[in-house]
Amino acid sequence: MPVYTLPDLPYDYSALAPVISPEIIELHHDKHHAAYVKGANDTLEQLAEARDTEQWGSVNGLEKNLAFHLSGHILHSIYWQNMTGPKDGGGEPLAQDGVGELAEAVKESFGSFAAFKTQLSKAAATTQGSGWGVLAYEPLSGRLIVEQIYDHQGNVGQGATPLLVFDAWEHAFYLQYRNQKVDFIEAMWQVVNWQDVARRHEAATSRTNALLLAP
Ligand code: MN
């Protein structure tokens, strides 16, 4: 029994057009995301085998693979939910849409929605190689932060919960936007599902702080 499974998309392949083409969504979900799910499951099996046989020579590589594939699976699972068709998505989170707490937290942590939007756009667009721009809830301070993730797992603060993720890997845009990563990131804001981001923020803030750094 595999531990991890590929979640179904919450919409059909064409739901995010014209911002993201159906061809990209199909390949990205059915091939790329699926490969991370398989990679995470395979690595868990290889670690179990290492334990059973007490063959620890490859443990360093296996732990790196686990971090890479598991983080890829988690980020993509959030990514699909973070988006909705351009008819329903985009704009900015507003109290009258029932996402006032998120809007307030963005303002407190970044000064304004515009400043936050620019920081996340810049973080996503300036990734070198492959990476992500992420809005995360940081439980130690109780604030929101923007992270620029290398690959799927590098350059993150421990314990932060991703709420809104922008995939900046070339596979996320190249078939449609070619080398224009900045244009893709700018277009992404049209399909953000703020209801989903607010739901994640509420869950993260209502959870007991599991870091327990102070008694
Ligand atoms: Mn991706």
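Conditions tested, residue by residue: (1) at pLDDT 95 or above; (2) of a type in the set (Asp, Glu).
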| residue | (1), (2) |
| --- | --- |
| 30 | yes, yes |
| 35 | yes, no |
| 40 | yes, no |
| 56 | yes, no |
| 95 | no, no |
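Within segment 138-156, track down each residue that is within 15 Å of residue 75 (Cβ to Cβ) and either among the acidic types (Asp, Glu) or open to solvent by less than 40 Å² (accessible area, probe 1.4 Å) (or both).
146, 147, 149, 151, 152, 154
Is there any pair linking a residue in segment 2-13 that is within 14 Å of residue 34 (Cβ to Cβ) to one that is of a type in the set (Val, Ile, Thr), with Cβ under 6 Å and at least six apart or on different chains, and which?
As it stands, the answer is 4/37; 6/37, since those pairs meet every condition given.
Can residue 164 be described as in the same structural domain as residue 106 (by TED's automatic domain parsing), in a loop (DSSP other than H, G, I, E, B) and more than 13 Å from the ligand (Cβ to nearest atom)?
In short, no.
So which residues in segment 125-135 are open to solvent by less than 30 Å² (accessible area, probe 1.4 Å) and under 13 Å from residue 155 (Cα atoms), if there are any at all?
127, 131, 132, 133, 134
Of all residues being out of contact with any Asp or Glu (no Cβ under 6 Å at 6 or more places or on another chain) and free of Cβ contacts under 8 Å to residues at least 24 places away in the same chain in segment 106-123, which is most open to solvent (accessible area, probe 1.4 Å)? Just the residue, please.
Among those that are out of contact with any Asp or Glu (no Cβ under 6 Å at 6 or more places or on another chain) and free of Cβ contacts under 8 Å to residues at least 24 places away in the same chain, it is 122.
Name the one entry in 58, 77 that is hydroxyl-bearing (Ser, Thr, Tyr), open to solvent by 20 Å² or more (accessible area, probe 1.4 Å) and either within 22 Å of the chain's Cα centre (by Cα) or at positive phi (or both).
Selected residue: 77, the only one of 58, 77 that is hydroxyl-bearing (Ser, Thr, Tyr), open to solvent by 20 Å² or more (accessible area, probe 1.4 Å) and either within 22 Å of the chain's Cα centre (by Cα) or at positive phi (or both).
Answer yes or no as to whether residue 47 is in contact with a strand residue (DSSP E or B) (Cβ under 7 Å, 6 or more places away or on another chain) and either within 16 Å of the ligand (Cβ to nearest atom) or over 30 Å from residue 186 (Cβ atoms) (or both).
Answer is no for this residue.
Which number in (1) over 20 Å from residue 155 (Cβ atoms); (2) open to solvent by less than 30 Å² (accessible area, probe 1.4 Å) marks the one condition that residue 53 misses?
Residue 53 satisfies all of (1) over 20 Å from residue 155 (Cβ atoms); (2) open to solvent by less than 30 Å² (accessible area, probe 1.4 Å) except (2).
The values are calculated or read from the model by the stated rules, or taken from the named source; none is laboratory data. Please read these numbers as outputs of a predicted model, since none were measured by experiment. A quick note on method: Cβ atoms are made from the backbone with ideal geometry, for glycine too, and the neighbour counts reach across all protein chains shown. Heavy atoms of the whole protein, side chains included, go into the accessibility calculation; ligands, DNA and RNA do not. Shrake-Rupley method; radii C 1.70, N 1.55, O 1.52, S 1.80 Å.
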